[in-house]
Amino acid sequence: MVPGMATSPPAPDAPPARQVPDRIHRRRWAILSTLMLSLLIVVLDNSILNVAMKTIATPAPAGLGATQSELEWAINSYTLVFAGLLFTAGLLGDRVGRKKILLFGLAVFGAGSVLAGVSGSPAELITFRAVMGLGGAFVMPATLAILMNVFERDEQPRAIGIWAGGVGIAIAVGPIAGGLLLDHFWWGSVFMINAPIVLLSLVAMVVLVPDSRDPHPGRMDPFGVLLSVVGLVLLVFGIIKGGQLADFSDPQVVGTVVGGLVVLTVFVLHQKRSSHPSIDISYFRTPAFSAAIAAIALVFFALMGVSFFAVFYIQSVRGFSPLQAGLLFLPLAAAQLLFASRARLAVDRYGARAVCTFSMLVVADTMLGLLLLNEETPIWIMEALLFLQGAGMAHIMPPATVAVMQSLPREKAGSASALNNVFRQVGGTLGVAVLGSLLSTSYRDGIEDTLDAVPGLPAAARHAAGESIEATLGLADRMGPAGRPLAAAADDAFIHAMHVTALGSAAVALVGALVSVLFLPGKMGPAPQAAEPLEERKAGAER
(Lines give C-alpha, C1' and ligand atoms only; values in the text may rest on other atoms or scores of the structure.)
Protein backbone atom coordinates (compact mmCIF):
# COMPACT_ATOMS: atom_id res chain seq x y z
CA MET A 1 0.00 0.00 0.00
CA VAL A 2 1.35 3.48 -0.89
CA PRO A 3 1.97 5.59 2.25
CA GLY A 4 -0.77 8.11 2.81
CA MET A 5 -3.20 6.45 0.44
CA ALA A 6 -6.70 6.21 1.91
CA THR A 7 -7.93 2.73 2.69
CA SER A 8 -11.03 1.88 0.65
CA PRO A 9 -14.10 1.01 2.70
CA PRO A 10 -15.32 -2.58 2.66
CA ALA A 11 -17.75 -3.47 -0.09
CA PRO A 12 -21.36 -2.94 0.95
CA ASP A 13 -22.14 -6.60 0.28
CA ALA A 14 -19.17 -7.93 2.25
CA PRO A 15 -20.26 -10.47 4.87
CA PRO A 16 -19.97 -9.37 8.51
CA ALA A 17 -16.82 -10.34 10.38
CA ARG A 18 -17.07 -13.78 11.93
CA GLN A 19 -17.22 -13.75 15.73
CA VAL A 20 -16.89 -17.51 16.19
CA PRO A 21 -13.35 -18.98 15.88
CA ASP A 22 -12.81 -21.10 12.76
CA ARG A 23 -11.99 -24.29 14.67
CA ILE A 24 -15.37 -24.07 16.47
CA HIS A 25 -17.28 -22.86 13.41
CA ARG A 26 -16.19 -25.93 11.42
CA ARG A 27 -17.70 -28.36 13.93
CA ARG A 28 -20.74 -26.31 14.90
CA TRP A 29 -23.26 -28.87 13.60
CA ALA A 30 -21.57 -31.73 15.45
CA ILE A 31 -21.68 -29.58 18.59
CA LEU A 32 -25.40 -28.92 18.03
CA SER A 33 -26.03 -32.66 17.71
CA THR A 34 -24.27 -33.23 21.03
CA LEU A 35 -26.27 -30.45 22.71
CA MET A 36 -29.50 -31.98 21.40
CA LEU A 37 -28.51 -35.32 22.95
CA SER A 38 -28.35 -33.68 26.39
CA LEU A 39 -31.60 -31.86 25.66
CA LEU A 40 -33.13 -35.19 24.67
CA ILE A 41 -32.79 -36.78 28.10
CA VAL A 42 -34.23 -33.78 29.95
CA VAL A 43 -37.35 -33.61 27.77
CA LEU A 44 -37.48 -37.39 27.30
CA ASP A 45 -37.85 -37.85 31.05
CA ASN A 46 -41.06 -35.82 31.27
CA SER A 47 -42.61 -37.37 28.16
CA ILE A 48 -41.82 -40.88 29.45
CA LEU A 49 -43.32 -40.03 32.83
CA ASN A 50 -46.59 -38.99 31.20
CA VAL A 51 -47.07 -42.52 29.83
CA ALA A 52 -45.97 -44.13 33.12
CA MET A 53 -48.35 -42.15 35.36
CA LYS A 54 -51.18 -44.68 35.15
CA THR A 55 -48.79 -47.53 36.01
CA ILE A 56 -47.29 -45.60 38.93
CA ALA A 57 -50.81 -44.93 40.19
CA THR A 58 -51.63 -48.65 40.36
CA PRO A 59 -51.05 -50.40 43.72
CA ALA A 60 -47.81 -52.27 44.48
CA PRO A 61 -46.16 -54.38 43.24
CA ALA A 62 -47.09 -53.21 39.71
CA GLY A 63 -46.80 -49.53 40.73
CA LEU A 64 -46.51 -47.33 43.79
CA GLY A 65 -50.20 -46.65 44.42
CA ALA A 66 -49.64 -42.91 43.95
CA THR A 67 -52.64 -40.62 44.38
CA GLN A 68 -53.57 -37.84 41.95
CA SER A 69 -51.85 -35.20 44.09
CA GLU A 70 -48.73 -37.40 44.45
CA LEU A 71 -48.60 -37.78 40.68
CA GLU A 72 -48.81 -34.01 40.31
CA TRP A 73 -45.97 -33.62 42.81
CA ALA A 74 -43.90 -36.24 40.97
CA ILE A 75 -44.08 -33.87 37.99
CA ASN A 76 -43.89 -30.61 39.89
CA SER A 77 -41.08 -31.51 42.31
CA TYR A 78 -38.90 -31.74 39.22
CA THR A 79 -40.15 -28.56 37.59
CA LEU A 80 -40.14 -26.48 40.79
CA VAL A 81 -36.50 -27.24 41.56
CA PHE A 82 -35.70 -26.87 37.87
CA ALA A 83 -37.37 -23.48 37.61
CA GLY A 84 -36.12 -22.22 40.97
CA LEU A 85 -32.46 -22.90 40.17
CA LEU A 86 -32.36 -21.93 36.48
CA PHE A 87 -31.37 -18.34 37.26
CA THR A 88 -28.48 -19.48 39.42
CA ALA A 89 -27.44 -22.15 36.92
CA GLY A 90 -27.41 -19.59 34.09
CA LEU A 91 -25.28 -17.17 36.12
CA LEU A 92 -22.91 -19.95 37.21
CA GLY A 93 -22.48 -20.98 33.58
CA ASP A 94 -21.70 -17.39 32.61
CA ARG A 95 -19.20 -17.18 35.49
CA VAL A 96 -17.35 -20.53 35.69
CA GLY A 97 -17.95 -21.90 32.18
CA ARG A 98 -21.01 -23.37 30.49
CA LYS A 99 -19.36 -26.66 29.58
CA LYS A 100 -18.40 -27.32 33.21
CA ILE A 101 -21.94 -26.56 34.36
CA LEU A 102 -23.39 -28.78 31.63
CA LEU A 103 -21.19 -31.74 32.64
CA PHE A 104 -22.13 -31.27 36.30
CA GLY A 105 -25.84 -31.10 35.49
CA LEU A 106 -25.73 -34.26 33.37
CA ALA A 107 -23.99 -36.20 36.13
CA VAL A 108 -26.53 -35.12 38.78
CA PHE A 109 -29.44 -35.82 36.42
CA GLY A 110 -28.14 -39.34 35.73
CA ALA A 111 -27.71 -40.10 39.43
CA GLY A 112 -31.21 -38.80 40.22
CA SER A 113 -32.66 -40.95 37.43
CA VAL A 114 -31.16 -44.14 38.85
CA LEU A 115 -32.41 -43.31 42.36
CA ALA A 116 -35.90 -42.50 41.04
CA GLY A 117 -35.97 -45.84 39.25
CA VAL A 118 -35.49 -47.76 42.52
CA SER A 119 -37.92 -45.65 44.60
CA GLY A 120 -39.96 -47.66 47.09
CA SER A 121 -42.72 -45.12 47.71
CA PRO A 122 -44.31 -42.04 46.13
CA ALA A 123 -42.43 -39.84 48.65
CA GLU A 124 -39.08 -41.26 47.51
CA LEU A 125 -40.04 -40.80 43.86
CA ILE A 126 -40.97 -37.16 44.50
CA THR A 127 -37.65 -36.58 46.31
CA PHE A 128 -35.47 -38.12 43.60
CA ARG A 129 -37.44 -36.33 40.89
CA ALA A 130 -36.37 -33.13 42.67
CA VAL A 131 -32.74 -34.30 42.39
CA MET A 132 -33.30 -34.79 38.66
CA GLY A 133 -34.69 -31.26 38.52
CA LEU A 134 -31.49 -30.00 40.12
CA GLY A 135 -29.45 -31.63 37.37
CA GLY A 136 -31.80 -30.51 34.63
CA ALA A 137 -31.55 -26.88 35.81
CA PHE A 138 -27.83 -26.94 35.01
CA VAL A 139 -28.31 -28.66 31.63
CA MET A 140 -30.98 -26.61 29.85
CA PRO A 141 -29.55 -23.05 30.05
CA ALA A 142 -26.07 -24.29 29.15
CA THR A 143 -27.21 -26.03 25.94
CA LEU A 144 -28.87 -22.92 24.52
CA ALA A 145 -26.09 -20.60 25.74
CA ILE A 146 -23.41 -22.74 24.07
CA LEU A 147 -25.49 -22.83 20.88
CA MET A 148 -25.57 -19.03 20.78
CA ASN A 149 -21.78 -18.96 21.11
CA VAL A 150 -20.94 -21.47 18.35
CA PHE A 151 -23.28 -20.11 15.64
CA GLU A 152 -23.10 -16.76 13.92
CA ARG A 153 -26.15 -14.51 14.24
CA ASP A 154 -27.44 -15.25 10.73
CA GLU A 155 -27.47 -19.01 11.46
CA GLN A 156 -28.91 -18.76 14.96
CA PRO A 157 -32.62 -18.88 13.95
CA ARG A 158 -32.00 -22.08 11.97
CA ALA A 159 -29.95 -23.63 14.78
CA ILE A 160 -32.59 -22.70 17.38
CA GLY A 161 -35.28 -24.18 15.13
CA ILE A 162 -33.35 -27.47 14.98
CA TRP A 163 -32.76 -27.26 18.75
CA ALA A 164 -36.51 -26.81 19.27
CA GLY A 165 -37.10 -29.71 16.90
CA GLY A 166 -35.08 -31.80 19.33
CA VAL A 167 -37.97 -31.32 21.73
CA GLY A 168 -40.19 -32.96 19.12
CA ILE A 169 -37.80 -35.91 18.87
CA ALA A 170 -37.86 -36.34 22.65
CA ILE A 171 -41.65 -36.07 22.77
CA ALA A 172 -41.85 -38.72 20.04
CA VAL A 173 -39.25 -41.09 21.48
CA GLY A 174 -40.33 -40.69 25.12
CA PRO A 175 -43.85 -42.17 25.09
CA ILE A 176 -42.89 -44.98 22.70
CA ALA A 177 -39.78 -45.88 24.68
CA GLY A 178 -41.81 -45.65 27.89
CA GLY A 179 -44.51 -47.93 26.50
CA LEU A 180 -41.96 -50.51 25.35
CA LEU A 181 -40.22 -50.47 28.72
CA LEU A 182 -43.48 -50.76 30.67
CA ASP A 183 -44.57 -53.69 28.49
CA HIS A 184 -41.41 -55.64 29.37
CA PHE A 185 -40.02 -54.25 32.64
CA TRP A 186 -41.08 -52.63 35.91
CA TRP A 187 -42.18 -49.00 36.11
CA GLY A 188 -38.73 -47.81 37.31
CA SER A 189 -37.17 -48.73 33.96
CA VAL A 190 -38.57 -45.49 32.49
CA PHE A 191 -36.03 -43.62 34.63
CA MET A 192 -33.17 -46.10 34.27
CA ILE A 193 -33.15 -45.52 30.49
CA ASN A 194 -31.59 -42.11 31.16
CA ALA A 195 -28.36 -43.58 32.54
CA PRO A 196 -26.78 -44.84 29.27
CA ILE A 197 -27.84 -41.66 27.43
CA VAL A 198 -26.19 -39.56 30.14
CA LEU A 199 -22.93 -41.54 29.84
CA LEU A 200 -22.90 -41.13 26.05
CA SER A 201 -23.62 -37.41 26.39
CA LEU A 202 -20.82 -36.89 28.90
CA VAL A 203 -18.25 -38.47 26.58
CA ALA A 204 -19.46 -36.45 23.57
CA MET A 205 -19.42 -33.21 25.60
CA VAL A 206 -15.84 -33.72 26.75
CA VAL A 207 -14.64 -34.38 23.20
CA LEU A 208 -16.60 -31.86 21.12
CA VAL A 209 -18.10 -28.98 23.08
CA PRO A 210 -16.02 -25.84 23.69
CA ASP A 211 -16.24 -23.91 26.93
CA SER A 212 -17.41 -20.30 27.08
CA ARG A 213 -18.21 -17.75 29.74
CA ASP A 214 -19.25 -14.13 30.23
CA PRO A 215 -16.21 -11.83 30.60
CA HIS A 216 -18.29 -9.67 32.96
CA PRO A 217 -20.42 -12.18 34.93
CA GLY A 218 -22.98 -11.07 37.47
CA ARG A 219 -22.71 -11.78 41.18
CA MET A 220 -24.75 -14.52 42.78
CA ASP A 221 -28.06 -13.77 44.49
CA PRO A 222 -28.72 -16.56 47.03
CA PHE A 223 -31.48 -14.62 48.82
CA GLY A 224 -33.29 -14.04 45.53
CA VAL A 225 -33.00 -17.73 44.63
CA LEU A 226 -34.45 -18.69 48.03
CA LEU A 227 -37.37 -16.29 47.61
CA SER A 228 -38.19 -17.59 44.12
CA VAL A 229 -38.15 -21.25 45.18
CA VAL A 230 -40.18 -20.67 48.37
CA GLY A 231 -42.73 -18.52 46.55
CA LEU A 232 -43.25 -21.03 43.72
CA VAL A 233 -43.48 -23.99 46.09
CA LEU A 234 -46.09 -22.27 48.28
CA LEU A 235 -48.14 -21.17 45.26
CA VAL A 236 -48.12 -24.57 43.54
CA PHE A 237 -48.69 -26.46 46.81
CA GLY A 238 -51.76 -24.35 47.53
CA ILE A 239 -53.19 -24.90 44.05
CA ILE A 240 -52.66 -28.67 44.17
CA LYS A 241 -54.07 -28.86 47.71
CA GLY A 242 -57.19 -27.02 46.54
CA GLY A 243 -57.72 -29.63 43.83
CA GLN A 244 -57.12 -32.45 46.29
CA LEU A 245 -59.69 -31.06 48.75
CA ALA A 246 -62.03 -29.86 45.99
CA ASP A 247 -62.30 -26.65 48.02
CA PHE A 248 -60.25 -23.60 47.04
CA SER A 249 -61.82 -21.56 49.85
CA ASP A 250 -60.26 -23.79 52.52
CA PRO A 251 -58.11 -21.60 54.87
CA GLN A 252 -55.07 -23.82 54.30
CA VAL A 253 -55.38 -23.40 50.55
CA VAL A 254 -56.03 -19.65 50.63
CA GLY A 255 -53.25 -19.04 53.15
CA THR A 256 -50.68 -21.01 51.17
CA VAL A 257 -51.56 -19.42 47.82
CA VAL A 258 -51.58 -15.89 49.27
CA GLY A 259 -48.30 -16.62 51.08
CA GLY A 260 -46.73 -17.74 47.80
CA LEU A 261 -47.91 -14.60 45.99
CA VAL A 262 -46.57 -12.40 48.79
CA VAL A 263 -43.15 -14.10 48.70
CA LEU A 264 -43.01 -13.78 44.90
CA THR A 265 -43.90 -10.08 45.20
CA VAL A 266 -41.04 -9.64 47.67
CA PHE A 267 -38.81 -11.49 45.18
CA VAL A 268 -39.67 -9.02 42.39
CA LEU A 269 -39.08 -6.01 44.68
CA HIS A 270 -35.75 -7.50 45.77
CA GLN A 271 -34.72 -8.00 42.15
CA LYS A 272 -35.51 -4.35 41.32
CA ARG A 273 -33.40 -3.03 44.21
CA SER A 274 -30.51 -5.51 44.17
CA SER A 275 -27.20 -4.59 42.52
CA HIS A 276 -26.77 -8.27 41.52
CA PRO A 277 -30.25 -9.71 40.88
CA SER A 278 -31.05 -13.21 39.67
CA ILE A 279 -33.33 -11.59 37.08
CA ASP A 280 -32.43 -8.22 35.61
CA ILE A 281 -35.90 -6.64 35.59
CA SER A 282 -34.77 -4.05 33.03
CA TYR A 283 -34.81 -6.78 30.35
CA PHE A 284 -38.59 -6.84 30.59
CA ARG A 285 -38.84 -3.21 29.49
CA THR A 286 -38.34 -4.47 25.93
CA PRO A 287 -41.86 -5.40 24.68
CA ALA A 288 -40.58 -8.08 22.29
CA PHE A 289 -38.65 -9.78 25.09
CA SER A 290 -41.56 -9.70 27.55
CA ALA A 291 -44.10 -10.86 24.96
CA ALA A 292 -41.89 -13.74 23.80
CA ILE A 293 -41.35 -14.88 27.40
CA ALA A 294 -45.11 -14.67 28.07
CA ALA A 295 -45.95 -16.60 24.88
CA ILE A 296 -43.58 -19.42 25.88
CA ALA A 297 -45.03 -19.61 29.40
CA LEU A 298 -48.65 -19.57 28.22
CA VAL A 299 -48.30 -22.22 25.52
CA PHE A 300 -46.58 -24.58 27.96
CA PHE A 301 -49.22 -23.83 30.60
CA ALA A 302 -51.88 -25.03 28.19
CA LEU A 303 -49.89 -27.97 26.80
CA MET A 304 -48.75 -29.49 30.11
CA GLY A 305 -52.27 -29.39 31.50
CA VAL A 306 -53.62 -31.18 28.43
CA SER A 307 -50.82 -33.77 28.47
CA PHE A 308 -51.68 -34.55 32.08
CA PHE A 309 -55.29 -35.54 31.39
CA ALA A 310 -54.76 -36.98 27.89
CA VAL A 311 -52.80 -39.93 29.30
CA PHE A 312 -55.68 -40.94 31.56
CA TYR A 313 -58.21 -40.50 28.75
CA ILE A 314 -56.20 -42.77 26.45
CA GLN A 315 -55.37 -45.47 29.00
CA SER A 316 -58.09 -45.35 31.67
CA VAL A 317 -61.13 -44.42 29.59
CA ARG A 318 -60.22 -45.89 26.19
CA GLY A 319 -58.26 -48.87 27.54
CA PHE A 320 -55.08 -48.57 25.47
CA SER A 321 -51.80 -50.03 26.74
CA PRO A 322 -48.81 -47.81 27.67
CA LEU A 323 -47.09 -48.65 24.36
CA GLN A 324 -50.24 -47.87 22.38
CA ALA A 325 -50.59 -44.62 24.33
CA GLY A 326 -47.04 -43.70 23.40
CA LEU A 327 -47.73 -44.36 19.73
CA LEU A 328 -50.91 -42.27 19.90
CA PHE A 329 -48.86 -39.25 21.01
CA LEU A 330 -46.68 -39.60 17.92
CA PRO A 331 -48.61 -37.04 15.77
CA LEU A 332 -47.97 -34.31 18.37
CA ALA A 333 -44.25 -35.05 18.33
CA ALA A 334 -44.00 -35.62 14.58
CA ALA A 335 -45.57 -32.24 13.84
CA GLN A 336 -43.10 -30.46 16.13
CA LEU A 337 -40.19 -32.33 14.60
CA LEU A 338 -41.41 -31.61 11.06
CA PHE A 339 -42.20 -27.90 11.44
CA ALA A 340 -39.93 -26.52 14.21
CA SER A 341 -36.84 -26.23 12.01
CA ARG A 342 -38.91 -24.64 9.22
CA ALA A 343 -40.73 -22.09 11.35
CA ARG A 344 -38.09 -19.48 10.54
CA LEU A 345 -39.26 -19.53 6.88
CA ALA A 346 -42.75 -18.44 7.93
CA VAL A 347 -41.28 -15.83 10.31
CA ASP A 348 -39.03 -14.43 7.54
CA ARG A 349 -42.06 -13.99 5.30
CA TYR A 350 -44.80 -12.90 7.70
CA GLY A 351 -43.02 -11.79 10.88
CA ALA A 352 -43.01 -13.22 14.38
CA ARG A 353 -46.23 -11.43 15.41
CA ALA A 354 -48.38 -12.92 12.67
CA VAL A 355 -46.89 -16.41 12.92
CA CYS A 356 -47.13 -16.67 16.73
CA THR A 357 -50.61 -15.15 16.88
CA PHE A 358 -52.00 -17.50 14.22
CA SER A 359 -50.28 -20.49 15.83
CA MET A 360 -51.69 -19.62 19.27
CA LEU A 361 -55.15 -19.54 17.71
CA VAL A 362 -54.50 -22.98 16.17
CA VAL A 363 -53.50 -24.32 19.59
CA ALA A 364 -56.65 -22.80 21.14
CA ASP A 365 -58.82 -24.36 18.42
CA THR A 366 -57.32 -27.80 19.00
CA MET A 367 -58.03 -27.45 22.72
CA LEU A 368 -61.66 -26.72 21.87
CA GLY A 369 -61.59 -29.69 19.50
CA LEU A 370 -60.94 -31.94 22.50
CA LEU A 371 -64.58 -31.34 23.45
CA LEU A 372 -65.42 -33.81 20.66
CA LEU A 373 -63.77 -36.67 22.53
CA ASN A 374 -65.83 -39.19 24.48
CA GLU A 375 -65.81 -42.94 25.12
CA GLU A 376 -66.78 -43.78 21.52
CA THR A 377 -65.07 -41.07 19.45
CA PRO A 378 -62.99 -42.46 16.53
CA ILE A 379 -59.38 -42.23 17.64
CA TRP A 380 -58.26 -40.58 14.39
CA ILE A 381 -60.01 -37.39 15.50
CA MET A 382 -57.74 -37.14 18.52
CA GLU A 383 -54.72 -37.91 16.31
CA ALA A 384 -55.63 -35.07 13.92
CA LEU A 385 -56.06 -32.66 16.84
CA LEU A 386 -52.69 -33.64 18.30
CA PHE A 387 -50.97 -33.14 14.94
CA LEU A 388 -52.46 -29.66 14.52
CA GLN A 389 -51.57 -28.84 18.11
CA GLY A 390 -47.96 -29.90 17.53
CA ALA A 391 -47.79 -27.86 14.32
CA GLY A 392 -49.04 -24.79 16.19
CA MET A 393 -46.48 -25.22 18.97
CA ALA A 394 -43.69 -25.72 16.42
CA HIS A 395 -44.43 -22.25 15.03
CA ILE A 396 -44.47 -20.62 18.49
CA MET A 397 -41.40 -21.90 20.30
CA PRO A 398 -38.63 -21.19 17.73
CA PRO A 399 -39.54 -17.55 16.93
CA ALA A 400 -40.29 -16.80 20.58
CA THR A 401 -36.97 -18.35 21.64
CA VAL A 402 -35.09 -16.42 18.95
CA ALA A 403 -36.74 -13.19 20.15
CA VAL A 404 -35.61 -13.90 23.71
CA MET A 405 -32.06 -14.95 22.85
CA GLN A 406 -31.42 -12.14 20.35
CA SER A 407 -32.83 -9.47 22.67
CA LEU A 408 -29.71 -9.78 24.85
CA PRO A 409 -26.00 -9.66 23.96
CA ARG A 410 -24.16 -12.87 23.09
CA GLU A 411 -22.13 -12.81 26.32
CA LYS A 412 -25.37 -12.85 28.32
CA ALA A 413 -26.57 -16.01 26.57
CA GLY A 414 -26.63 -17.96 29.83
CA SER A 415 -28.96 -15.47 31.48
CA ALA A 416 -31.19 -15.27 28.39
CA SER A 417 -31.37 -19.04 28.15
CA ALA A 418 -32.18 -19.32 31.85
CA LEU A 419 -35.04 -16.82 31.52
CA ASN A 420 -36.37 -18.62 28.44
CA ASN A 421 -36.35 -21.97 30.23
CA VAL A 422 -37.53 -20.79 33.63
CA PHE A 423 -40.71 -19.25 32.24
CA ARG A 424 -41.30 -22.35 30.13
CA GLN A 425 -40.96 -24.51 33.24
CA VAL A 426 -42.97 -22.18 35.47
CA GLY A 427 -45.70 -22.09 32.82
CA GLY A 428 -45.69 -25.90 32.63
CA THR A 429 -45.65 -26.25 36.41
CA LEU A 430 -48.60 -23.91 36.87
CA GLY A 431 -50.37 -25.66 33.99
CA VAL A 432 -50.10 -29.03 35.73
CA ALA A 433 -51.07 -27.50 39.08
CA VAL A 434 -53.96 -25.29 37.93
CA LEU A 435 -55.42 -27.48 35.19
CA GLY A 436 -54.67 -30.67 37.14
CA SER A 437 -56.54 -29.23 40.12
CA LEU A 438 -59.40 -28.14 37.85
CA LEU A 439 -59.54 -31.70 36.51
CA SER A 440 -59.55 -33.16 40.05
CA THR A 441 -62.23 -30.79 41.30
CA SER A 442 -64.49 -31.32 38.28
CA TYR A 443 -64.03 -35.09 38.47
CA ARG A 444 -64.82 -35.23 42.18
CA ASP A 445 -67.95 -33.15 41.65
CA GLY A 446 -69.07 -35.57 38.91
CA ILE A 447 -68.42 -38.83 40.75
CA GLU A 448 -69.37 -37.79 44.30
CA ASP A 449 -73.06 -38.71 44.11
CA THR A 450 -72.26 -42.15 42.67
CA LEU A 451 -69.72 -42.84 45.43
CA ASP A 452 -72.22 -41.73 48.07
CA ALA A 453 -74.60 -44.40 46.77
CA VAL A 454 -72.04 -47.22 47.26
CA PRO A 455 -73.29 -49.14 50.33
CA GLY A 456 -70.96 -49.52 53.31
CA LEU A 457 -68.17 -47.35 51.91
CA PRO A 458 -66.31 -45.48 54.71
CA ALA A 459 -65.94 -41.70 54.37
CA ALA A 460 -62.13 -41.87 54.09
CA ALA A 461 -62.29 -44.53 51.35
CA ARG A 462 -64.97 -42.52 49.52
CA HIS A 463 -62.77 -39.40 49.60
CA ALA A 464 -59.72 -41.32 48.34
CA ALA A 465 -61.72 -42.99 45.55
CA GLY A 466 -63.00 -39.62 44.37
CA GLU A 467 -59.55 -38.08 43.93
CA SER A 468 -58.87 -39.58 40.49
CA ILE A 469 -60.33 -41.92 37.90
CA GLU A 470 -57.62 -44.48 38.69
CA ALA A 471 -58.65 -44.54 42.35
CA THR A 472 -62.32 -44.96 41.40
CA LEU A 473 -61.57 -47.74 38.92
CA GLY A 474 -59.46 -49.47 41.57
CA LEU A 475 -62.46 -49.48 43.91
CA ALA A 476 -64.72 -50.71 41.10
CA ASP A 477 -62.34 -53.61 40.39
CA ARG A 478 -62.36 -54.65 44.04
CA MET A 479 -66.18 -54.65 44.00
CA GLY A 480 -66.26 -57.18 41.15
CA PRO A 481 -69.36 -57.27 38.89
CA ALA A 482 -71.16 -54.90 41.28
CA GLY A 483 -68.58 -52.24 40.43
CA ARG A 484 -69.42 -52.01 36.72
CA PRO A 485 -71.92 -49.12 37.13
CA LEU A 486 -69.29 -47.27 39.19
CA ALA A 487 -66.67 -47.77 36.44
CA ALA A 488 -69.11 -46.43 33.82
CA ALA A 489 -69.89 -43.43 36.02
CA ALA A 490 -66.14 -42.82 36.44
CA ASP A 491 -65.69 -42.68 32.66
CA ASP A 492 -68.56 -40.20 32.30
CA ALA A 493 -67.29 -38.02 35.15
CA PHE A 494 -63.77 -37.99 33.72
CA ILE A 495 -64.95 -37.06 30.22
CA HIS A 496 -66.88 -34.12 31.68
CA ALA A 497 -63.87 -33.04 33.78
CA MET A 498 -61.60 -33.34 30.73
CA HIS A 499 -63.90 -31.08 28.72
CA VAL A 500 -63.91 -28.46 31.48
CA THR A 501 -60.11 -28.59 31.64
CA ALA A 502 -59.82 -28.32 27.84
CA LEU A 503 -61.90 -25.13 27.96
CA GLY A 504 -59.47 -23.75 30.53
CA SER A 505 -56.53 -24.65 28.28
CA ALA A 506 -58.18 -22.97 25.29
CA ALA A 507 -58.72 -19.78 27.31
CA VAL A 508 -55.02 -19.70 28.24
CA ALA A 509 -54.00 -20.17 24.59
CA LEU A 510 -56.30 -17.28 23.58
CA VAL A 511 -54.56 -15.05 26.12
CA GLY A 512 -51.28 -16.08 24.48
CA ALA A 513 -52.66 -15.04 21.08
CA LEU A 514 -53.65 -11.66 22.49
CA VAL A 515 -50.19 -11.10 23.97
CA SER A 516 -48.57 -12.08 20.66
CA VAL A 517 -50.65 -9.78 18.47
CA LEU A 518 -50.21 -6.81 20.79
CA PHE A 519 -46.54 -6.98 21.68
CA LEU A 520 -44.45 -9.27 19.48
CA PRO A 521 -42.49 -7.56 16.68
CA GLY A 522 -43.31 -8.06 13.03
CA LYS A 523 -39.63 -8.57 12.25
CA MET A 524 -36.73 -9.41 14.53
CA GLY A 525 -34.68 -6.35 15.44
CA PRO A 526 -30.90 -6.26 15.81
CA ALA A 527 -29.45 -7.80 18.94
CA PRO A 528 -27.38 -5.68 21.31
CA GLN A 529 -23.70 -6.10 20.55
CA ALA A 530 -22.27 -5.54 23.97
CA ALA A 531 -23.53 -5.82 27.49
CA GLU A 532 -23.01 -3.08 30.03
CA PRO A 533 -22.66 -4.13 33.64
CA LEU A 534 -25.90 -3.65 35.55
CA GLU A 535 -24.38 -0.90 37.70
CA GLU A 536 -23.45 1.16 34.59
CA ARG A 537 -26.92 0.76 33.07
CA LYS A 538 -28.53 1.86 36.31
CA ALA A 539 -26.22 4.85 36.53
CA GLY A 540 -27.06 5.77 32.92
CA ALA A 541 -30.77 5.51 33.67
CA GLU A 542 -30.35 7.82 36.68
CA ARG A 543 -28.49 10.38 34.56
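Descriptive notes on the structure:
- Scan of segment 96-105 for residues that are within 15 Å of residue 199 (Cβ to Cβ), touching a Phe, Trp or Tyr at 6+ places or on another chain (Cβ under 8 Å) and among the aliphatic types (A, V, I, L, M), ordered by number: 102
- Within segment 301-354, helices (runs of 4 or more DSSP H) holding 1 or more residues that are under 20 Å from residue 161 (Cβ atoms): 330-339, 343-350
This table checks each residue for (1) at pLDDT 80 or above; (2) in a helix (DSSP H, G or I); (3) surrounded by fewer than 21 Cβ atoms within 10 Å (Cβ to Cβ); (4) more than 26 Å from the chain's Cα centre (by Cα).
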residue: 478; (1), (2), (3), (4): no, yes, yes, yes
residue: 500; (1), (2), (3), (4): yes, yes, yes, no
residue: 503; (1), (2), (3), (4): yes, yes, yes, no
residue: 512; (1), (2), (3), (4): yes, yes, no, no
residue: 530; (1), (2), (3), (4): no, no, yes, yes
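- Boolean, residue 77 is at pLDDT 80 or above and either assigned to a helix (DSSP H, G or I) or surrounded by fewer than 16 Cβ atoms within 10 Å (Cβ to Cβ) (or both): yes
- Exclusive hit being over 25 Å from residue 326 (Cα atoms) and either assigned to a helix (DSSP H, G or I) or modelled with pLDDT under 80 (or both), set 135, 179, 161, 166: 135
The values are calculated or read from the model by the stated rules, or taken from the named source; none is laboratory data. Values in this document were obtained by computation on a predicted structure and should not be read as measured data. Every residue, glycine as well, gets a Cβ built from its backbone with ideal geometry; the counts of neighbours run over all protein chains shown.
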